[in-house]
Amino acid sequence: MSFPLPTAPALALSNVTVTFVAQGGGSTYTAVRDTTLIVGEGEFVSVVGPTGCGKSTLLNIAAGLLESSAGSVRVQGEPLAGINRHAGYMFQSDALLPWLSALGNVELGLKYRGVEPGAAREQAMAWLARVGLSGHAGRYPHQLSGGMKKRVALAQMLILDPKILLMDEPFSALDIQTRQLMENELLELWSADRKSVVFITHDLEEAIALSDRVVVLSAGPAAHPMGDYVIDLPRPRDVAEVRLTPRFVELHTGIWHTMKDEVLKGYAQSRQK
Amino acid sequence: MRKAAKSEARPGRGRLALYHALLLAGVFVFWYLMTEPLLWSEEAARRTAFFFGKPLMVLQQIWEWFAGGKIYEHLLITLIETLLAFAIGTLGGLGVGLWLALSPLASALADPYIKASNAMPRVILAPIFAVWFGLGIVSKVALGFTLVFFIVFFNVYQGVKEVSPVVLNNARMLGANSRQLLRTVYLPSAMSWVFSSLHTSVGMAFVGAVVGEYLGSARGVGYLILQAEGTFDINTVFAGILVLTAFALALDTVVTAVENRLLVWRPAQGETEPL
């Protein structure tokens, strides 16, 4: 097993269970139970599920930020220990370092790796240009709009050329127009070199429009996958236009049928609390 | 629209400075009137002057100090004591704060002692420091240090504890090792808290220096005040207080300038820059 097969998936979570213990012991909470998620090389997989079902927990496991209570995580065939060095992570909330300018944030990863400052700056400027922010290099995060911050975060992640992209509802805080623009930009950047993507969202339409495959999680606690759908819409796609095609509607209806009960369950649980 | 509303609520900058000056002048005129036999009897004015001094005599004393050059060596000593206490206290607070915030074991061990030494009225240490370090600069710096250290320490500790976990995880995912995390995440976050406490801590360093001088010294503005008080020279005492106040204001202005320069990344309260 120490020789990874050439066909080893980019990311493989096998029978992962995550149980949190409340501080001081006593009550436990199982966020994710017995979950298997395989992401192939160059595949764009979305994970959808009702709010609070442990989607982010799953992503943190894949990133190596969190250790699973049971099960295994393999990255390109190798068991994961510590931080996943092959992965870039885009967070749901603002994760830019507020004391660094847009340029400082983008070049940060290169600096951590000991890239020579001049070269790091040059690459960072090129990436800022790619996400359309050349004119804002010197601005601090608080001076940027929500969409601009997401672009900086995208450049910050992509500059390190990670093999796997982990994205945790990255665009959920944006208004719908900005969001579709960002989704198209993401697809364009992704199609350039086909990285493997795990995209977490609660928005089924977003998931279908972007992905090759959609995995539906059940409502928490003890969430687990309950549906796995291949999205056979042709690429390249425009996220706004693809929503109007009959095949999209068909897929959406099919997946929503499975999801609906879980969403209602999650809603009922959140009301009980 | 918003600009108009703003100028209605608060006078412009030049205007405000004028009002400030008028208010100060008003206080001095009131002080003058109360201590001269103009509004009330000579006896009452004399008594008031005994307790509060006479403004003209106070100003004259200040003028003599500065024109005669007598004040400079005392001011210099007080300034050196303040800056040393401030610098050493800030560095000490920063170092210990970072260490304890990042090491749960050390923090748990030190916790009751930190609380106890912070609760203790530390000015009372001044006589002990005078015994240990003599009547020179060192005992004043030591007193100022104990005052500054805890302010900075608690702010750094808080700053490190309040680092956003998302920002921290982001830096870790970008490949930061623990030293890089310290330099690029913990330290800048702690520094923003330290800077917001600088106004308090520079004031405390000043308190340490002056109180130390007042309790026993041969030089410094606190010493001048002590000497004057010994001879019931109330005018000189007030002159000393005025000089100290002006001096403290100047220090505060310097801190504000440094703060504005180093914390450009922080959004100003209640206003964001339009793009």
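The values are calculated or read from the model by the stated rules, or taken from the named source; none is laboratory data. Just so it is clear, the model here is predicted, and its values are computed rather than measured. For neighbour counting, all protein chains shown are included, and Cβ atoms are generated from backbone atoms with ideal geometry for every residue, glycine included.
Does B:Gly144 qualify as being under 12 Å from the mean Cα position of the chain (by Cα), touching a residue at least 24 places away in the same chain (Cβ under 8 Å) and away from chain A (no Cβ under 14 Å)? Working first, answer last.
Details: under 12 Å from the mean Cα position of the chain (by Cα): yes; touching a residue at least 24 places away in the same chain (Cβ under 8 Å): yes; away from chain A (no Cβ under 14 Å): yes.
Taking the combined requirement at face value, the residue satisfies it.
Would you list the helices (runs of 4 or more DSSP H) that sit entirely within the stretch B:155-216 and hold 3 or more residues that are within 11 Å of another protein chain (Cβ to nearest Cβ), over 21 Å from the mean Cα position of the chain (by Cα) and surrounded by fewer than 19 Cβ atoms within 10 Å (Cβ to Cβ)?
Numbers: elements: B:165-173, B:178-181, B:187-215.
Once the helices (runs of 4 or more DSSP H) in the stretch B:155-216 are filtered for at least 3 residues that are within 11 Å of another protein chain (Cβ to nearest Cβ), over 21 Å from the mean Cα position of the chain (by Cα) and surrounded by fewer than 19 Cβ atoms within 10 Å (Cβ to Cβ), what remains is B:165-173, B:178-181.
Is it the case that A:Gly88 is in contact (Cβ under 8 Å) with a residue 24 or more places away in the chain, within 20 Å of the chain's Cα centre (by Cα) and buried (at least 17 other Cβ atoms within 10 Å of the Cβ)?
Numbers: in contact (Cβ under 8 Å) with a residue 24 or more places away in the chain: yes; within 20 Å of the chain's Cα centre (by Cα): yes; buried (at least 17 other Cβ atoms within 10 Å of the Cβ): yes.
Yes, satisfied.
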Listed by range, strands (runs of 3 or more DSSP E) wholly within the stretch A:1-118 having at least 3 residues that are within 30 Å of A:Leu251 (Cβ to Cβ) and modelled with pLDDT of 90 or more are A:44-48, A:87-90
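A quick yes/no check of all residues on (1) buried (at least 22 other Cβ atoms within 10 Å of the Cβ); (2) more than 11 Å from chain B (Cβ to nearest Cβ):
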site	(1), (2)
A:Val47	yes, yes
A:Pro50	yes, yes
A:Ala70	no, yes
A:Gln92	no, no
The lone condition A:Arg213 fails out of (1) away from chain B (no Cβ under 14 Å); (2) in contact with a strand residue (DSSP E or B) (Cβ under 6 Å, 6 or more places away or on another chain); (3) charged (D, E, K, R); (4) surrounded by 21 or more Cβ atoms within 10 Å (Cβ to Cβ) is (4)
Considering only helices (runs of 4 or more DSSP H) wholly within the stretch B:30-141, the ones with at least 3 residues that are buried (at least 19 other Cβ atoms within 10 Å of the Cβ), modelled with pLDDT of 85 or more and not aliphatic (A, V, I, L, M) are B:55-68, B:71-102
Given (1) under 28 Å from B:Trp31 (Cβ atoms); (2) modelled with pLDDT of 85 or more, B:Gly220 misses just (2)
